[in-house]
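The values are calculated or read from the model by the stated rules, or taken from the named source; none is laboratory data. Everything numeric in this text was worked out from a predicted model, so none of it was measured. Cβ: placed from backbone, ideal geometry, glycine included. Neighbour counts: every protein chain shown. With ligands, DNA and RNA removed, areas are computed over all heavy atoms of the protein, side chains included. Shrake-Rupley method; radii C 1.70, N 1.55, O 1.52, S 1.80 Å.
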Amino acid sequence: MNPATQPFVLSQPTQAFLHQPKRMLIGGQWVEAVAGQTFAVHDPAGENIIAHVPEGRAEDVDLAVRAARRAFESGPWATMSPAERGKIIWRIGDLLLQHADELAEIESLDNGKPRAVAYAADVPLSADMFHYMAGWATKIHGNHLSLSCLYTPGVPYHAYTRSEPIGVVGQIIPWNFPLLMAAWKLAPALAAGCTVVLKVAEETPLSALRLGELLQAAGLPDGVVNIVTGYGETAGAALAAHPGVDKVAFTGSTEVGRLIVQAAAGNLKKVSLELGGKSPNIIFKDADLDTAIAGAASAIFFNHGQCCCAGSRLYVEKSVFDRVVDGVANIAQKIKLGPGMDPNTEMGPLVSSIQQNRVCGYLDLGRQEGARAVVGGQRRQGSGYFVEPTVLVDTQPQMRVVQEEIFGPVVVAMPFENLEDELVAEANNSIYGLAAGIWTHDLSRAHRVAARLKAGTVWVNCYNIFDASLPFGGYKQSGWGRESSEAVLSNYLETKAVAIRL
Ligand code: ADP
């Protein structure tokens with residue numbers, strides 16, 4: 001490792017993890033790819049190689065799906081009581097917390113996010129999802145139904161529904177919250193009694209591999225969770241298309257979401273999608289402006305803007321527009337960029353050079369379209385995939401920087417007159433509908449506007465509030481289905497109706 005870019009000593013467990021050969025978890029065994037290929041994983045702050053992981057392909061996915069099928073049909077998981085399942089899921093949460101230091105370091109090194117953020121947010125939220133879902137394992141049930149059966153008068157029936165696990169689930173996750181997305185996907189699937197093949201993002205495979213070890217330590221039977229490392233176009237596509245997979249759950253770009261739907265059509269497997277966003281964050285002039293300014297900055301700059309729900313369209317009531325833009329720009333100016341492992345770092349690098357080029361491409365495009373950067377607007381020279389936190393103004397609604405998801409620390413700020421209909425129409429003028437923010441002291445307006453925004457989540461006087469008990473997902477092209485909360489369980493359950501003539 002280059003000491004110039006990695007001045008902070010990694011803990012002994014993290015060093016030990018990084019030095020051990022990386023394998024995929026299939027059927028309870030840690031295995032290389034069948035073809036023996038590997039690919040390099042880079043530290044986005046120093047651009048150096050931190051590990052090599054197996055390059056899983058279709059044949060590896062096939063082995064993983066077969067292992068998951070065996071575990072679903074006949075392993076101990078198939079007959080385990082819900083309470084036993086719940087205890088294992090709970091233990092996974094405990095183990096995450098016990099290894100929080102190490103997991104935060106791995107996440108920071110692999111993804112680029114500040115270690116302190118991974119420690120304070122990613123790891124505890126991941127643990128919380130397992131703890132929350134552990135409770136659901138014993139609370140999944142069907143209903144008793146009273147039949148009328150008009151064409152068999154006088155005949156009594158006993159009828160009920162059963163909620164059954166959907167079967168073998170393929171889960172494909174992105175690189176922005178590698179551990180948390182694994183937790184969001186695995187915990188409810190396990191609570192429902194499914195078995196899983198998890199395909200992690202090629203940019204950030206490491207924390208999920210460590211998680212795999214913790215799943216085993218928690219007592220999860222072999223084959224219940226299989227973890228495949230590999231590229232999206234090969235391993236991911238093979239998983240989405242595999243006829244032995246009953247359901248695919250995907251988090252990632254809307255573009256790839258479409259490919260998943262097409263791939264899933266072969267055996268009409270069930271699909272849930274958590275996709276992109278271009279979320280409006282609306283500040284009314286009566287809001288507590290200092291709080292709203294800090295909130296607007298955090299809404300876009302948290303995780304370097306690499307959040308599907310980032311508050312990337314900032315609408316500000318005209319009379320306070322300059323003050324809010326100055327305030328957000330001022331915060332952006334002071335954000336300290338650096339390697340995630342540096343305790344002084346407030347914003348790390350973007351995850352990859354591809355992502356850096358993509359975001360900077362949008363910055364160039366914005367300038368060509370006539371937008372102006374009040375602050376930022378450039379990549380940072382030197383090593384690491386850094387992009388300056390940026391506030392763009394002078395935009396028009398149809399500009400691509402206003403319409404398209406940039407997935408970086410770039411917010412477009414736009415003034416509005418206090419005409420609610422126009423504001424709501426403008427906020428809803430998007431192919432996406434993932435999240436929205438409202439900042440106001442007017443309670444009636446907050447409820448009114450929240451009801452009219454076409455978004456799966458609306459935060460009022462706050463932003464980026466995640467909780468295992470809050471459903472999360474999108475309207476329109478932001479996705480199908482919901483993550484988190486009781487709502488996510490339906491992604492992993494089938495309803496069976498049983499009617500018995502007495
Ligand atoms: P991003 O564009 O932000 O990198 P993606 O949507 O491409 O996000 O990636 C999210 C996940 O989808 C990753 O695990 C990636 O490997 C996977 N993926 C990419 N392309 C495909 C595909 N064609 N089929 C299945 N999975 C894919």
Exercise. From Val248, Val256, grab the single residue that is within 12 Å of the ligand (Cβ to nearest atom) and open to solvent by 30 Å² or more (accessible area, probe 1.4 Å).
Key: Val256
Quiz prompt | Identity of the residue in segment 394-420, over 17 Å from Lys318 (Cβ atoms) and not aliphatic (A, V, I, L, M), that ends up nearest to the ligand (Cβ to nearest atom) | solution = Phe407
Practice problem: May I ask you to verify whether Lys278 is away from the ligand (no atom under 12 Å from the Cβ) and open to solvent by less than 10 Å² (accessible area, probe 1.4 Å)? | Solution: yes
Practice problem: Check off (1) touching a Pro at 6+ places or on another chain (Cβ under 9 Å); (2) within 14 Å of the ligand (Cβ to nearest atom); (3) part of a helix (DSSP H, G or I); (4) in contact (Cβ under 8 Å) with a residue 60 or more places away in the chain for Ala191 and give me the number that stays unchecked. | Solution: (2)
Quiz item: Would you pick out the residues in segment 194-218 that are open to solvent by 10 Å² or more (accessible area, probe 1.4 Å), in contact (Cβ under 8 Å) with a residue 12 or more places away in the chain and in contact with a helix residue (DSSP H, G or I) (Cβ under 9 Å, 6 or more places away or on another chain)?
Solution: Glu202, Glu203, Arg210, Ala217
Self-check item: Evaluation of Leu150 against (1) in contact (Cβ under 8 Å) with a residue 12 or more places away in the chain; (2) more than 17 Å from Ser11 (Cβ to Cβ); (3) of a type in the set (A, V, I, L, M) (one fails), failing number
Solution: (1)
Quiz item: How many residues does segment 325-357 hold that are within 16 Å of the ligand (Cβ to nearest atom), under 13 Å from Gly377 (Cα atoms) and touching a residue at least 12 places away in the same chain (Cβ under 8 Å)?
Solution: 1
Exercise. Give the number of residues within segment 159-179 that are away from the ligand (no atom under 16 Å from the Cβ) and over 24 Å from Ser81 (Cβ atoms).
Key: 1
Practice problem: Any chance you could count how many residues in segment 367-385 are in contact (Cβ under 8 Å) with a residue 40 or more places away in the chain and touching a Lys or Arg at 6+ places or on another chain (Cβ under 9 Å)? | Solution: 1
Quiz item: Is one or more of the residues making up segment 121-137 closer than 30 Å to Glu483 by Cβ, within 24 Å of the chain's Cα centre (by Cα) and within 16 Å of the ligand (Cβ to nearest atom)?
Solution: no
Exercise. Considering only residues that are in a helix (DSSP H, G or I) and of a type in the set (A, V, I, L, M), look in segment 428-452 and name the one that is farthest from Ile300 (Cα to Cα).
Key: Leu443
Exercise. Please name all residue pairs, on different chains or six or more residues apart, with Cβ atoms under 7 Å, provided the first residue is in segment 445-473 and is within 15 Å of Tyr432 (Cα to Cα) and the second residue is open to solvent by 70 Å² or more (accessible area, probe 1.4 Å) and at pLDDT 95 or above.
Key: Lys454/Tyr475; Lys454/Lys476; Ala455/Tyr475; Gly456/Tyr475
Self-check item: Evaluation of Ala263 against (1) near the ligand (Cβ under 10 Å from one of its atoms); (2) open to solvent by less than 10 Å² (accessible area, probe 1.4 Å) (one fails), failing number
Solution: (2)
Quiz item: What single numbered condition from (1) in a helix (DSSP H, G or I); (2) within 12 Å of the ligand (Cβ to nearest atom); (3) under 23 Å from Trp439 (Cα atoms) fails to hold for Ala240?
Solution: (3)
Quiz item: Is it fair to say Val320 is more than 13 Å from the ligand (Cβ to nearest atom), within 27 Å of Asn491 (Cβ to Cβ) and among the β-branched types (Val, Ile, Thr)?
Solution: no
